[in-house]
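Please treat every number below as a calculation from the coordinates, not as lab data. In this text, all values refer to a predicted model and were calculated from it rather than measured experimentally. Using ideal geometry, Cβ is built from the backbone for each residue, glycine included, and neighbour counts are taken over all protein chains shown.
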């Protein structure tokens with residue numbers, strides 16, 4: 001497999017995983033956390049589609065970073081590489097999307113919400129990393 005083919009394969013795996021895990025999974029996590037706060041929230045179709053599209057785009061754009069971690073030829077390392085890749089993708093996402101949130105001022109939320117969101121969202125990125133590695137391995141074998 002050429003380097004260009006592998007780059008395209010990893011990009012597709014990142015897109016699919018980003019769409020499913022970061023997009024749809026992220027939106028579901030947001031709804032569950034909003035439900036737990038018992039506050040009324042406004043959910044729109046446009047907003048949901050935007051989050052799903054952002055997840056797919058983020059997955060596609062960051063997937064080439066997986067090539068830097070090197071998973072070829074060693075399936076035993078795929079789990080640890082997937083976790084590492086998920087955390088690798090989480091850091092710039094936190095910095096980038098935090099800068100665009102436009103939120104200023106102190107965070108006023110129940111402690112349980114802050115704890116839950118600080119566990120749920122990083123977990124989504126770890127699952128995303130694991131799925132990208134798994135899809136890349138499966139698709140490259142066929």
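Quick look at the numbers
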| item | result |
| --- | --- |
| Computed FRET value (nearest 0.05) for residue 42 with residue 87, which takes r as the C-beta separation and R₀ as 25 Å | 0.20 |
| Rounded FRET efficiency, nearest 0.05, which uses the C-beta distance separating residue 67 from residue 34 and R0 of 35 Å | 0.45 |
| Fully extended contour minus Cα-Cα distance, from residue 57 to residue 1, at 0.36 nm per residue | 17.7 nm |
| Footprinting exposure proxy for 3, 12 (fewest neighbouring C-beta atoms within 10 Å first) | 3, 12 |
| Calculated FRET value between residue 140 and residue 96, using beta carbons and R₀ = 30 Å, to 0.05 | 0.55 |
